[in-house]
Structures are given as structure tokens and as C-alpha cells.
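See below for the structure under consideration.
The values are calculated or read from the model by the stated rules, or taken from the named source; none is laboratory data. Only a predicted model underlies this, so the values are computations on that prediction, with no experimental measurement involved. We place every Cβ from the backbone using ideal geometry, glycine too, and count neighbours over all the protein chains shown. Surface accessibility is based on the protein's heavy atoms, side chains included, excluding ligands, DNA and RNA. Shrake-Rupley method; radii C 1.70, N 1.55, O 1.52, S 1.80 Å.
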Amino acid sequence: MRRIITFSISFILSFLSSCVYESDLSFDTDRSVAKVSVLTRSNTGEVPYLLPIHVYAFTSGGQCAGYQMLAEAEDSLSFTLPTGEYTLYALAGASADRYTLPTLENASVSSSIALINPSTGHTEIETGRADITLNTGEHEKLTLTVTRAVAQVRMSISDLPENLTDVRMSFQPLETVLRLDGSFDGEQAKLVSFPLTKKGEGEWEMEDSVFIFPSKNDATNVTIGIVLTDADGEQSYSYNATFRIEANYKYRIDAVYKTGTPDLSGVITGTDWAEELQYTFDFGEGSNSGEGDGEGEDETDPEYAPGDFYLDLYILDVEKTAGETTLTLLSAVQWDFKSFADAERLINDYFGKGLPGWSFLSEKEARMINKIGNENLNPVNLLLEEHMCSKFNNTYKFIYKDEDGEYRVFQLIGSFQTGIPPSTGTRYNLRCMKKLKLPG
């Protein structure tokens, strides 16, 4: 089951000649004033899970020009701003009694959204952004889509010894600091640990699912730990999984403990929110992991090839070295743009399937796409549609960066001819890529 939550915010601009804008910010008082009214609605029926919604308006210079909060789905809010370019950031699901939130006076795009009490855990927090230009006399409507910044996890272990007094499961390394713009600081990482509750004979599980931040940006996998405690002390198991924790994924971990055998397996699935994942690991006294920090083994080592999909993303290329596979993933979205600054922003802000760190195509990948355009375009476009990705659109030439970091263009269909584009005045197609390293 695939469920996409889109939170729509319509901006209705009305310009009032009698408005007076008062602010500590140093705006040009000769500029016209625009009133931005914000109406909210959702097409999913899940608005209660998204509230409250905090909206911050920033000038093109990075100053916070306005802040409003929606506490109820029926509420509305408005900003009175001078005409100009603004970026609005939305933060949904973060209540002031649980998080330290930036104020109008101290907000910046890199402001951290921190838990007041880390032991309370995260909520289903979501972030989004939209750019808008306020011009006198125009009527603008803008849709702002928010996406989850967290993953949801639920865990259980069965057939455990009856003498246990405590059972915990942990994940590391995970991101620690979320910023207002939806990115993570990428510097700090931590282990998060959760207690399980005894529900029956040998049965331990979480009371409720929890929300956690994704794996650290440069981590290719997550380490799962299990600690069993009895009267004699703790017994620890550790597994290097072959996947990362991704935002917008739901994970279910069900493990079965069998003493003296390597047959205990746990299944991790990501469903409902995003693509399904599965991972199996050994666990127990007779498993390959043993006691302490042994590594579990993945019983299914998937083989990937160009043209396959990973997390519903098209695999453009596969490179293998000893013990490691590198996938070149293609963005699920194709944009068109007119300004190279817009292209840079689109890629920097893109978190396809919760994965950060996307980049421009290089000449190698550009040639691969040109080959698809000439030899396999219709079948590939059908596959992209099946996986809810944008098809290749041949309206404009595509852009890539050469080895010197210069913008270059190529056409999807026809011989691969590259050239240096003019700096302004022309529209181009944009698709980006990500190199993802996997064990094996």
C-alpha cells in the first residue's frame, strides 16, 4: 500500500494600498505592500496528525519576515509583506510543548528543531518549503507539499527466556539535529534505544510505534542492537544491516529467539508510507553473531542490474568492487528550469525516497540517458510510470556538469552532442543522480 500525504496551502494575494508594514527588518519603505492570506486543506484526511503547522517567511536575503502557526485545520493565517521574493518553510506536527522552536526574532533557515526532553521521542514531524514572488496587482496560488522527516518503527521479539527482566533494541548512527529547512546538520550522530514490554510468555514488544530520524547522511547501513538483561547481567547482540533507516518509511521488526540454533530471524518491512523492504539476520546463542558485537549475515544478497529499481528509483548503472556495490540512482522527478541557480536549488533540496546527497549528471550518466532515449525510451518510460516516477520528457535539452564543473547540454534523442548553454534565457530539462553504496 502506497500512501502519499500532500498538505496543500493556497496563497491568495490581495494588495491593499492603505496597509502599513511595521517590522524591525530593514525593508525599503517605498516598496508596495502585499497581504498574503494562507488557507489550509489536506487531501488525505490526516490533518490532525500534522497539526500544529508553523509557517516561516524568509526574504531572499535570509531574514525571517514573518511567522504564523495553525493550530486547527480550519484556521487561516496571513502575512503582510513588501513586494519581493520570499521562501516559506512549513513545519508540521511539532508542538511547542515538545520542541524548542525558532521565533520570529531568531529564526534562520538553519535553525534547529530540538526536543525539549529527548526521552519523550519524536512526533510525526514533517517539513516543506515553497518560493513565491509578490508582485503588485497579481493573484497567486501556491501549493506547498510537506514530507516526513522521520521513519516509523515498531519492534517485537518472541520465544525469549522467561528469566529476562529487560529487553531493549537500538539503532545507530542516526541523525540528531533537524533544521527548519528540512535538512539535517550531518555532523552529530547518535544511538537511540527503546525498551520492549513483556506481553506474554516469552513475548516482548513495544507499547506503541516510535518515530526516529533517518540514518546519518554518510552512513551506508544501520547497526541494530539487541540487549537482553537477566539476574546475571546483560547479553548483547549487534547486526550490521544492509540498508539505511530512511525518512518516510515504516519499519516492522519481528524477531524469534531460539537457543542453540542459528535459525532466529527478524523481518524488517517498510510499508504503507513507502516502498517495501525486507532484511533477515541471525540472532541467538547459536547464531553467527554470537555474543557481544558480532555481525549478522544477510541470508538474501540481492543482485542489482541497470534497469532495475531500488526504493522505486531507476538504477542507471551498477559498479561492483570487493565487498561493495555502488548503484547510480536516477531522480524520480524531472524538472524544467530557466535559471542555473534554480537548478542548483532543486537538486540541493531534493530528498528522493528520503535519500539526501543528490548531484548533477556527469557526462558518463548523460551518455547513458542519451542511449536510453535512442534505444529503449518507451519501455523505460512505462517502467518509470509503474514506479510513480516522472517519464523522460523531451521538451528541452538536458543539462549535466562536466569534469570541470561546467554546465553542459545534450539531447535525449539523436547523436550525443554536447555544448555549453547560454547563461540565461533558455529552458532546460533537469534530472539528477545519486551514488548509493551497499555492502556486497
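Structure notes:
- Cα shape, the range 382-438, gyration tensor, a/c 1.5 rule: oblate
- Each residue of the range 168-177 was assigned a 3J(HN,Hα) from its phi angle through the Karplus curve 6.51 cos²θ - 1.76 cosθ + 1.60 (θ = phi - 60°); the sequence is 9, 10, 9, 9, 7, x, 10, 4, 10, 10 Hz, with glycine and proline shown as x.
- Taken about its Cα centre, the range 314-440 carries a charge dipole of about 120 debye when Lys and Arg each add +1 at the Cβ and Asp and Glu each add -1 at the Cβ.
- Three-way shape label, the range 318-410, alpha-carbon gyration tensor, a/c 1.5: rounded
- Accessible-area composition of the range 344-386, carbon plus sulfur, in percent [1.4 Å probe]: 48 percent
- Accessible surface for the range 301-359, divided over its residues, is 42 Å² per residue with a 1.4 Å probe.
- In sequence order, the range 382-387 has phi-based couplings of 5, 5, 4, 4, 4, 9 Hz under the Karplus curve 6.51 cos²θ - 1.76 cosθ + 1.60, θ = phi - 60°, and Gly or Pro positions carry x.
- For the range 88-172, the fraction of 1.4 Å probe accessible surface lying on carbon and sulfur atoms is 48 percent.
- Protection proxy ranking of 425-434, 205-214, 246-255 - average other beta-carbon atoms within 10 Å, highest first: 246-255, 425-434, 205-214
- Accessible area per residue for the range 390-440 is 52 Å², calculated with a 1.4 Å probe on protein heavy atoms, without ligands, DNA or RNA.
- Counting only protein heavy atoms and a 1.4 Å probe, the range 188-261 has 43 square angstrom of accessible area per residue.
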